[in-house]
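Down below is the structure, laid out as structure tokens.
The values are calculated or read from the model by the stated rules, or taken from the named source; none is laboratory data. All values reported here derive from a predicted model rather than from experimental measurement. We place every Cβ from the backbone using ideal geometry, glycine too, and count neighbours over all the protein chains shown.
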Amino acid sequence: MDQALATSTPGPKEISLREIFFTFFKMGLTAFGPAMMAEAKKNIVKRKKWLDEQEFLNGLALAQFLPGATFVTLTVFMGYRIRRLAGAFASFTGFILPPTALMAFLSYLYFRYSGISLVHSAFAGLEAVVVALIANAVLDIGKSVLKDWKAIAIAIVALGVAWLNISIFLILLLAGCLSIILYRPWTTVRNGSPADTKPALSFSTREIIIVLGAIAIIALLSGLNPLLLRLESVFFGIGLFVFGNGFTMIPLIQQQVVNVYHWLSLSQFAVGIALGQVTPGPIVITATFVGYKVAGLLGAAAATIGIFAPCFLLVLLVMPVYGKVKENRWVKAVFKGILASFVGLMTLVLWGMAWHSLTDPITIVLALAALAALRFAKLDVLWVVLSGTALYLLVQMICH
């Protein structure tokens, strides 16, 4: 009887790792921004039926609950649900490989040829468009996060403290504590509804030991080159402490790579953000750009591994207890404060970018036009970046 049941109902282990890898490889090669969610649902839920829709939504909720790149976390979740740790590794590597390779190639082109006058003009226009991208993100995130005076107050405090150039990690800690004081989670009345425990899986110490062991081996090998180890640790910290979408990571990345370590200039950082927007995959693939600038291809690999490793580790650690933790009143209060603080931090980044990049009437008009195209015309980011850069280049050629 058991044998007949096993024959009639294929188990998840019958899905090959090769098929998982190439399914996510295709998404990593073709999916941009929010389209990644739609592509994942179409391929994994509707076409291949590897997960049902509720399971997919559970994974999406978990990805938004955890720090790090949201869609990368969802990718790890889906692979893990299909074939546990091996499936998670296959989905993760398949999805990350195409954008990483493309970003490394674009980084090579930029750092080799950006000194050419025509290329320099094109990237100057690109920087103006980046100001519009960040302004649009600040407006979008602010609209969804700043829903009461408490969140607005936390955002303002974060902006003021960040202006003093204090460590962003301390600002996030301050935001969490301030949020607890203002939202007073100890006074919240429980609604009595049971927590959703569908995402829970059995806790596997063996899997966590394997992942931690792999991270330790990578760190030891990187220790042969201290610069690689520094890249990994810096980006691991960013991936471990930042919630929300890729744009919320921008303030922390800027502080570390521009202000603290001086690995990039502000202009180069703006280009990295833009390339992260026009390439498929997550926005924070900008880490590959930074790593390439610092230490070539090995640096690109180190930074990429560093920023995405927390996604892998946290999924394994949190999934078994996710249903209980996500409904905790104290956790909810802390998240409200951290997300509100990102609005203040991103506002400061926006100011710095605008001050640096909008240096003449042409760049100012271009940034405003790009912002209008994003918010009112609802044009795709890829076309706004490409057309805005081309338009600026054309105006420069006419003027000179």
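For segment 206-242, give me each residue that is surrounded by 15 or more Cβ atoms within 10 Å (Cβ to Cβ), of a type outside the set (A, V, I, L, M) and within 16 Å of residue 311 (Cα to Cα).
Within segment 206-242, 207, 232, 235, 236, 237, 239, 241 qualify.
Considering only segment 1-44, state which residues are over 20 Å from residue 101 (Cβ atoms), of a type in the set (Ser, Thr, Tyr) and at pLDDT below 75.
Within segment 1-44, 7, 8, 9 qualify.
Looking at the structure I just gave you, is residue 261 of a type outside the set (D, E, K, R), surrounded by fewer than 20 Cβ atoms within 10 Å (Cβ to Cβ), at pLDDT 90 or above and under 22 Å from residue 230 (Cβ atoms)?
Spelling it out, residue 261 is indeed of a type outside the set (D, E, K, R), surrounded by fewer than 20 Cβ atoms within 10 Å (Cβ to Cβ), at pLDDT 90 or above and under 22 Å from residue 230 (Cβ atoms).
Within segment 46-63, can you find the residues that are aliphatic (A, V, I, L, M) and either touching a residue at least 60 places away in the same chain (Cβ under 8 Å) or on the phi > 0 side of the Ramachandran plot (or both)?
61, 62
Could you tell me which of the residues 393, 368, 386 is within 29 Å of the chain's Cα centre (by Cα), surrounded by 15 or more Cβ atoms within 10 Å (Cβ to Cβ) and in contact (Cβ under 8 Å) with a residue 12 or more places away in the chain?
Checking each option against the conditions leaves just 368.
Taking the conditions exactly as written (closer than 29 Å to residue 314 by Cα and at pLDDT 90 or above), does residue 173 satisfy them or not?
no
Just checking, does segment 187-207 include any residue being at pLDDT 85 or above and assigned to a helix (DSSP H, G or I)?
No, every residue in segment 187-207 fails to be at pLDDT 85 or above and assigned to a helix (DSSP H, G or I).
Quick one: would you say residue 348 is outside the structural domain of residue 247 (by TED's automatic domain parsing) and crowded, with 17+ Cβ neighbours inside 10 Å?
no
Tally the residues that are within 24 Å of the chain's Cα centre (by Cα) and of a type in the set (Val, Ile, Thr), restricting the search to segment 204-237.
Total satisfying the criteria: 5.
Got a sec? Which of 153, 158, 162 is at pLDDT 80 or above and in contact with a Ser or Thr (Cβ under 6 Å, 6 or more places away or on another chain)?
Result: 158 is the single residue among 153, 158, 162 that is at pLDDT 80 or above and in contact with a Ser or Thr (Cβ under 6 Å, 6 or more places away or on another chain).
Using the structure shown, decide if residue 381 is surrounded by 15 or more Cβ atoms within 10 Å (Cβ to Cβ), in contact (Cβ under 8 Å) with a residue 60 or more places away in the chain, assigned by TED's automatic domain parsing to the domain that holds residue 268 and touching a Gly at 6+ places or on another chain (Cβ under 8 Å).
no
The rows are residues; the columns are (1) crowded, with 24+ Cβ neighbours inside 10 Å; (2) hydrophobic (A, V, I, L, M, F, W, C); (3) free of Cβ contacts under 8 Å to residues at least 12 places away in the same chain.
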| residue | (1), (2), (3) |
| --- | --- |
| 65 | no, yes, no |
| 69 | yes, yes, no |
| 75 | yes, no, no |
| 98 | no, no, no |
| 113 | no, no, yes |
| 118 | no, yes, no |
| 121 | no, no, no |
| 136 | no, no, no |
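With respect to residue 84, is the statement that it is of a type in the set (D, E, K, R), on the phi > 0 side of the Ramachandran plot and either surrounded by fewer than 21 Cβ atoms within 10 Å (Cβ to Cβ) or under 19 Å from the mean Cα position of the chain (by Cα) (or both) true?
Here the answer is yes, as residue 84 does meet what is asked.
Is it the case that residue 294 is more than 24 Å from residue 70 (Cβ to Cβ), part of a helix (DSSP H, G or I) and β-branched (Val, Ile, Thr)?
yes
Does residue 336 meet the test of being under 19 Å from the mean Cα position of the chain (by Cα), in a helix (DSSP H, G or I) and not polar (S, T, N, Q)?
Judged against the criteria, residue 336 is a match.
So for segment 311-334 (the condition being of a type in the set (S, T, N, Q) and touching a residue at least 24 places away in the same chain (Cβ under 8 Å)), does at least one residue qualify?
Scanning segment 311-334 turns up no residue that is of a type in the set (S, T, N, Q) and touching a residue at least 24 places away in the same chain (Cβ under 8 Å).
Checking the conditions here, which among 300, 340 is touching a Gly at 6+ places or on another chain (Cβ under 8 Å) and either crowded, with 22+ Cβ neighbours inside 10 Å or modelled with pLDDT under 85 (or both)?
Of 300, 340, the one residue that is touching a Gly at 6+ places or on another chain (Cβ under 8 Å) and either crowded, with 22+ Cβ neighbours inside 10 Å or modelled with pLDDT under 85 (or both) is 300.
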